[in-house]
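Encoded as structure tokens, the structure appears first; notes follow it.
The values are calculated or read from the model by the stated rules, or taken from the named source; none is laboratory data. Note that the coordinates shown come from a computational prediction; the quantities given were computed from them, not determined experimentally. We place every Cβ from the backbone using ideal geometry, glycine too, and count neighbours over all the protein chains shown. What goes into the accessible areas is simple: the full protein's heavy atoms, side chains included, and nothing from ligands, DNA or RNA. Shrake-Rupley method; radii C 1.70, N 1.55, O 1.52, S 1.80 Å.
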Amino acid sequence: MSLLSATPHQPAVTEREARQVAEAAREQDWRKPSFAKELFLGRFRLDLIHPHPMPPDEDVQRGEEFLTKLRDFCETKVDSALIEREARIPDETINGLKELGALGMKIDTKYGGLGLTQVYYNKALALVGSANPALGALLSAHQSIGVPQPLKLFGTQEQQDIFLPRCARTDISAFLLTEPDVGSDPARLATTAVPDGDDYVLDGVKLWTTNGVVADLLVVMARVPKSEGHKGGITAFVVETASEGVTVENRNAFMGLRGLENGVTRLHQVRVPAANRIGPEGAGLKIALTTLNTGRLSLPAMCVGAGKWCLKIAREWSSVREQWGKPVAFHEAVGAKISFIAATTFALEAVLDLSSQMADENRNDIRIEAALAKLYGSEMAWLMADELVQIRGGRGFETADSLAARGERAVPAEQVLRDLRINRIFEGSTEIMHLLIAREAVDAHLSVAGDLIDPDKSLSDKAKAGANAGVFYAKWLPKLVAGAGQLPRSYGDFHPAGHVDLSGHLRYVERSARKLARSTFYAMSRWQGRMETKQGFLGRIVDIGAELFAMSAACVRAELLRTTGDHGREAYQLADAFCSQSRVRVEELFGRLWSNTDDLDRKVVKGVLGGAYTWLEEGVVDPSGEGPWIADATPGPSERENVHRPIR
């Protein structure tokens, strides 16, 4: 197998070696039940999510009290238009959030934090993100993937005592994993951490360091060379940004999130005490992935906030804008978009709250649920914002400042569209999320039959795997033939008197879960070891699972709101609308599992890269500037000005 391209300071790894590194970082045990994992196996375990879990009263009171203060701050102290114009969050705004305790929302009260639950942390992010998404990104990067969460899960008591009080009130943190030529393939990580006495010496360049420009503390992923007394491998460290040899060389600018303090950070001969290492050597990727299990919920939280805002603007605008004698909302082409925004916002909030409450209770393994929430939330929020821009017409494309300058309400629809676009890339692109979730979805199959398709396994290993697989599938496959989804009165709790009927949607989910599992089994039988290359198929499998999860969450949330007397009738209507829309998408995805252009697309790609179609590129000019596609990241001293800007 050919080697991947590599610079002299970067490890050259084969595709197989890269996969082995990623596989080793996975949490491979399932010690707790998982609704989504069972769903992909064709088992609709409604009992795992219904009745909807509820937070303790004291958590609700503490969370609501903070949200009240935060809302007042966002309404009176945050100037989103100013942040957009100046491409920077004012220091006084960040300091105001510090005084509120917003840096420590998820940090335990014994360290000076607020000790909010995941549910209320997400509600806070949705609120802040609606005021300005760059503010939400700052708080999320600090607490979801920055220093606090890894230390909470893997840090020593001494590390928690030293760093968590700082993170709760004064110090901003950032997470440094990505490099100029390393994205989702960590096997090629080039930053090194060489042991030297009681220290490690770090060298390397990190890219897209969200919060890196203003951070006081960094979580840095670096490769420790294997040597006597050192296991080596990718390892996590807490690094003081003020350390000698740390240089923020650039503040990056993007199409959206203009206030984002994201940069390029060079580490040259940075000495880090061994006491600042998080976990053992070689555990860095596992720490990162485990942190993201709940950390990924921060992005869909802000997507929910965006959906709520889109719905508000769509409702207000569409009721006053008239065309051909009536408000545009009552023209079917526009009304369908409004219905989509309303129903999808309801479902996204249902997915987020359900996943978050399960994370708080720690009863279930939610790694797939959190990943699905991130994937689904980021994709659907982008679609909702795009529909809002379309509903607003020319005004949707016009900036808020321009609207205000000519006397109209400054509605930043185009800004929200730009700001949301990064969520399909942040913390795992949609394409990577498809593969990550697909790997977890087929875990049960690989655990019993993986040796059958592994070319490195011996004949005896394959024979043993064949026997194990035979036993597993003999029990599993018959259960995919029939189920509660075929019984007309199943899930009767979801057809209360005076409300629309949601039970039919849950029966559909149950039937579709079994169909999904059968499709996965057939694909594994058909493609075997080539299954991992069928990324189009795997992506559709995951997208079907995401829709089924969202339908389930929407129905469970509607029933919760009905039983608590809080907009139950309306919730049932929204859940019904969402499930009806979702079923159309699911049927299309099922059809595309086997009827698609994947094979043809691969041929076209070979032609494009082979130069067969360069004639098609003629007739245009390329306005791109000069320079390499990927910047040089050779370790060494910085030759640029340090643009680090701590907030004081």
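The share of alpha-carbon pairs in region 275-334 lying farther apart than 19 Å comes to 60%. Each Cα pair under 8 Å and six or more residues apart adds its separation to the average, and for the chain the resulting relative contact order is 16 percent. The stretch between Arg530 and Ala253 holds 95.7 nm of extra length on full extension. This uses 0.36 nm per residue minus the Cα-Cα distance.
The alpha-carbon of Lys326 sits under 24 angstrom from the alpha-carbons of these lysines, leaving out residues fewer than 8 places away in its chain: Lys312, Lys337. The orientation-averaged projection of the convex hull spanning the C-alpha atoms of the chain amounts to 32.7 square nanometres. The listed residues Glu281, Glu332, Glu65 rank as Glu332, Glu65, Glu281 when sorted by accessible area, largest first, using a 1.4 Å probe.
Once the other residues with Cβ under 11 Å from the Cβ of Glu427 are scored (Lys, Arg +1; Asp, Glu -1), what is the net sum?
+3
Across region 222-239, computed HN-Hα scalar couplings (Karplus, 6.51 cos²θ - 1.76 cosθ + 1.60, θ = phi - 60°) run 9, 8, 8, x, 6, 7, 4, x, 9, 5, x, x, 5, 9, 9, 9, 8, 10 Hz from first to last residue, x flagging Gly and Pro.
Using only the heavy atoms of the protein chains and a 1.4 Å probe, how would Asp599, Asp185, Asp622, Asp386 rank by accessible area, largest first?
Asp622, Asp599, Asp386, Asp185
Our coupling estimate for region 352-358, obtained by passing each phi through the Karplus curve with A = 6.51, B = -1.76, C = 1.60 and θ = phi - 60°, is 5, 5, 5, 4, 5, 5, 5 Hz, Gly and Pro reported as x.
Each residue of region 602-607 was assigned a 3J(HN,Hα) from its phi angle through the Karplus curve 6.51 cos²θ - 1.76 cosθ + 1.60 (θ = phi - 60°); the sequence is 4, 5, 5, 4, 4, x Hz, with glycine and proline shown as x. For the chain, with all protein chains in place and a probe radius of 1.4 Å, 54% of the accessible heavy-atom surface sits on carbon or sulfur. Positive end of the dipole of the chain, charges at C-beta (+1 Lys, Arg; -1 Asp, Glu), about the Cα centre: which of His434, Asn132, Trp208 has its Cα farthest in that direction? Farthest along the dipole direction, towards plus: His434. Within region 281-341, the trypsin sites (Lys or Arg not before Pro) that combine a DSSP coil assignment with at most 15 other C-beta atoms in a 10 angstrom radius are Arg321. Put a plus charge on the Cβ of each Lys and Arg, a minus charge on the Cβ of each Asp and Glu, and nothing anywhere else: the dipole of the chain about its Cα centre is then about 1780 debye.
Within the shell defined by Cβ-Cβ distances under 12 Å, the residues around Leu267 carry a net charge of -2, with Lys and Arg each +1 and Asp and Glu each -1.
Projected label points at Ser624 and Val605, each 7 Å from Cα along the beta carbon direction, are separated by 1.9 nanometres. Accessible surface calculations at 1.4 Å, restricted to protein heavy atoms, place the chain at 45 Å² per residue.
Distance from the Cα centre of region 131-162 to that of region 189-221, in angstrom? Centre-to-centre (Cα) distance: 16 Å. Helix content alone sets the calculated 222 nm mean residue ellipticity of the chain: runs of n ≥ 4 DSSP H residues at -39500 (n - 2.57) each, divided across all residues, give -17000 deg cm²/dmol. Solvent-accessible area of His52, all protein chains in place: 20 Å² (probe radius 1.4 Å, heavy atoms, ligands and nucleic acids excluded). So for the chain, taking the charge dipole from beta-carbon charges (+1 Lys/Arg, -1 Asp/Glu), which of Ala301, Thr109, Thr265 sits furthest toward the positive end? So the residue furthest toward the plus end is Ala301.
Give me the one-decimal Kirkwood hydrodynamic radius in Å for region 367-430, with the sum taken over alpha-carbon pairs. Hydrodynamic radius (Kirkwood, Cα pairs) of region 367-430 is 12.7 Å. Pairs exceeding a 24 Å alpha-carbon distance, out of Lys98/Lys123; Lys32/Lys462; Lys69/Lys106; Lys286/Lys534: Lys32/Lys462; Lys286/Lys534. The heavy atoms of Cys74 offer some 20 square angstrom of accessible surface to a 1.4 angstrom probe. Close amide H pairs (under 5 Å, H built 1.01 Å from N) link Phe175 with Thr210, Val219, residues at least 5 positions away or on another chain. Neighbours of Ala87, meaning other residues whose beta-carbon lies under 11 angstrom from its beta-carbon, give a summed charge of +1 when Lys and Arg score +1 and Asp and Glu score -1.
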